[in-house]
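The values are calculated or read from the model by the stated rules, or taken from the named source; none is laboratory data. None of these values were measured; they are calculated from a predicted model. All Cβ positions, even for glycine, are placed from backbone atoms using ideal geometry, and neighbour counts span all protein chains on display. Ligands, DNA and RNA are excluded from the accessible area calculation, which covers all protein heavy atoms including side chains. Shrake-Rupley method; radii C 1.70, N 1.55, O 1.52, S 1.80 Å.
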Amino acid sequence: MASLSRSKRPGPIPAIKRILLEDPSLDTPVPDHFRCPISLDLMRDPVTASTGITYDRQSIESWLERGNLNCPVTGKPIDIHELIPNHSTRKLIQEWCVQNRALGVERIPTPRIPISPLEASEILSQVSLASRRGDKYKCGNLAMKLKEIGKESERDRRCIAAAGAARVLSAAFSQLAGESSENSKALGDLEKILSALAVFFPLDIEAKRWIISPGSLKSMVLILKYGDLSGRLSTLLVLREVVSTLDNASLESVSKTNGLAEALTLLVEKPISPLATKTSLVTIFYLISSNERAASRFVNLGLVSLLLDTLVDSDKSMCEKALAVLEGLFQCEKGREKGCEHALTVPVLVKKMLRVSDMATEFSVSALWRICKGCKKNCIVEAVQVGAFQKLLLLLQVGCNGVTKERASELLKILNGSRGSVECIETVDFKGLKRSFD
């Protein structure tokens, strides 16, 4: 891509324009030669390209990663791997920051030198060697080192990921998992590996194969039950990443893992954090989408009741995920039976039908359609009583598409037969409805 046009090339900043570019939080202007030619901001990690122009590392790397191959100022070709840290400029900037501290200028920290592909490969080789030797302690520490570097910057994360971090860490976890136990120290080292692995998503096919091996899944269940909070959260994130792209046969195999359904259900029953609960629900959603037998396992664990209790008071994101899982459980006969037996099922579904989100509407209508289509007279009557007929009419009037529209229309036909003998006990003021459901 061509360099910036001559009229747009960053250069000396006129005095009038400099006022507009000053940081409003500072009482002193930033010297021109301390500004990045791209962002015009104070450089925090100055690097010099092969053309001799100094930029802030984040700005020039972003410029190059967008497909630009030339120096923005000179138009000459430059390479991202040839950027050299400009220590003299960085020290001058730090000295200027210290001199102007009283004017509100904070000293910029000394930046960390980005990791090179060779360095990343060397650390990953050490991880592989430690895992083959069964050295959990060293493997865990190396994993945390990778995590720390990967979180320093997006560039470092991508560099380590490109070196095969996900595959190496997944293999290491699988190789060490066979020796796992409920011992907190043994689990702690495995938790470190999963914690690092969660930084280097996405996982490729080989990495996923390592993670869904019987030994890996057994250890992950142990961490979900006995690990610390961060360890359980990392395990959930890895599980969600894996099951989100598995085929039905693999999902069914994973769902049969001894203790997994119980561990995930317990995290919904006894939340350790909102993120952990939401991640558990997403993982369950994928697992029960494989077949009815997987859904039945969660139904037998009392998940229907737990979800309804969650839906009584939850934020939009939690509501959507809980409704998605509930609708999935209602695909099996046991789930529909439990839903019809629970006093909150119909009122909650009708309440969440509107004014939450399009996704919540879709799952609420579908879940109600599943239990009413089973000709459960008590559910049909209750749905009419709590105002489902009126809400469905409004939903069709304001607009809905695809399967939701078909199921809403079918629900209206099912409910219409009971309208004459039942009095609606809920009045809903629809005049204030301003939300679009397109």
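Could you check segment 209-230 and list, in sequence order, the residues that are closer than 17 Å to Met144 by Cα and surrounded by fewer than 21 Cβ atoms within 10 Å (Cβ to Cβ)?
Asp228, Leu229, Ser230
Would you point out the residue of segment 74-116, among those that are assigned to a loop (DSSP other than H, G, I, E, B) and touching a Pro at 6+ places or on another chain (Cβ under 7 Å), that is farthest from Thr48 (Cα to Cα)?
So, considering only residues that are assigned to a loop (DSSP other than H, G, I, E, B) and touching a Pro at 6+ places or on another chain (Cβ under 7 Å), the one farthest from Thr48 (Cα to Cα) is Ile113.
Looking at segment 274-337, what helices (runs of 4 or more DSSP H) fall wholly within it and have at least 3 residues that are β-branched (Val, Ile, Thr)?
274-288, 303-312
Looking at segment 31-59, which of its residues are hydrophobic (A, V, I, L, M, F, W, C) and open to solvent by 20 Å² or more (accessible area, probe 1.4 Å)?
Scanning segment 31-59 gives Ile38, Leu40, Leu42, Ile53.
Look at Val312 and say whether it is farther than 29 Å from Asp358 by Cβ, touching a residue at least 12 places away in the same chain (Cβ under 8 Å) and β-branched (Val, Ile, Thr).
Taking the combined requirement at face value, the residue does not satisfy it.
Confirm whether Arg112 is open to solvent by 30 Å² or more (accessible area, probe 1.4 Å), closer than 15 Å to Val47 by Cα and at pLDDT below 95.
yes
Of all residues in segment 342-352, how many are part of a loop (DSSP other than H, G, I, E, B) and buried (at least 24 other Cβ atoms within 10 Å of the Cβ)?
Within segment 342-352, residues that are part of a loop (DSSP other than H, G, I, E, B) and buried (at least 24 other Cβ atoms within 10 Å of the Cβ) number 1.
Would you say Ile380 is open to solvent by 10 Å² or more (accessible area, probe 1.4 Å) and under 17 Å from Leu415 (Cβ atoms)?
yes
Cβ contacts < 6 Å: first residue over 19 Å from Pro85 (Cβ atoms) and outside any helix (DSSP H, G or I), restricted to segment 57-73; second residue modelled with pLDDT of 90 or more and open to solvent by less than 30 Å² (accessible area, probe 1.4 Å), any location; separation 6+ or different chain. Result?
none
Considering each of Thr245, Thr279 in turn, give the residue that is among the hydroxyl-bearing types (Ser, Thr, Tyr) and open to solvent by less than 40 Å² (accessible area, probe 1.4 Å).
Exactly one residue qualifies, and that residue is Thr279.
Please go through (1) within 23 Å of Cys159 (Cβ to Cβ); (2) open to solvent by 40 Å² or more (accessible area, probe 1.4 Å); (3) touching a helix residue (DSSP H, G or I) at 6+ places or on another chain (Cβ under 7 Å) for Arg107 and return the number of the only condition it doesn't satisfy.
Exception for Arg107: condition (1).
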